[in-house]
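J.: Handing you a structure now.
Coordinate-derived values only; no laboratory data. Everything quoted here is computed from the prediction, not taken from an experiment. Note: ideal-geometry Cβ built from the backbone for every residue, glycine included; neighbour counts use all protein chains shown.
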C-alpha cells in the first residue's frame, strides 16, 4: 500500500516536472520577443554623442536640428541639452557642423511657427503638440531660446500685439470726399497685416461672425477678415472695425482678406 502511494507520488512529481519543463520551453522560445526599448538615460557622454552622429548620418547630413533628432534619435533633445549645456555645444563635441540652432533662428520665425500651429489647431498649442510634422520646430527649441514653453507663449502674445493698430506716421492714403469737401488723411492703411488678421481670428474663435461657420468643424470653410465699416466709407483698419466672415457671407463685399 505504501509502495503504491509512493509510486503515485512519484508519478505526480514526474508529471509536475514535465509541466514545468513544458512551460520553461515556451518561456525560452518567447523570451526574446519581450524587450524594453533602449534608453540612453544615464549612459556615458560618448554614447550620446555617437547617437547624435548616427542620427545625422541617417538623414544624410553632417549636422542635425533638435526637431530632426527628436524624430530620429534615441534620447530626447532636452537630455542632450542638459548633458552638454546646449544643443550647439553637443554638436561641436560630436564633431558635427552647427545647425540652424547655432546660426540663430529669428524670434519672428519661431513666432510665425506658433501662429501657424495655433491656426491649424484653432486654439493655443500645447507643449506635447509642438513637434513634427505640424510644427517646424520642437518644443525644446523654444525652451532653449526662452527658458520654457510658457514664457515662449507669453513672448508670442507680445509679438502679436506689438503691431500698432493705427499707424498714423505710415498712413499716407487720402480718402476723397464725394461732397467736394476737403480730403481727409487716413489714420491706418487699408491692408490688414498677418498679425492683425491672426488677432481677429483668435478673438472671433475662428468662426464666421454672421453664420458661425468654421473650418475647424466644417472642412472647406474659408474665413476672411473684413472691415465692418467699409474702408471706402471711412472705416479704419483697427481691431474693433474688423471681424471674421466666411467666404459665402462676405461674398460681394470689398476688403476681404483670405486665411
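J.: What nm distance separates the two modelled labels at residue 86 and residue 43, each placed 7 Å from Cα along Cα→Cβ?
T.: For the pair residue 86/residue 43, the computed spacing is 2.6 nm.
J.: How far apart, in nm, are two points set 7 Å out from the Cα along the Cα-to-Cβ line at residue 54 and at residue 116?
T.: The modelled label-to-label distance comes out at 3.1 nm.
J.: Can you give the convex hull volume per residue for the Cα atoms of the range 50-134, as a whole number of Å³?
T.: Hull volume over Cα atoms, normalised by residue count, gives 99 Å³.
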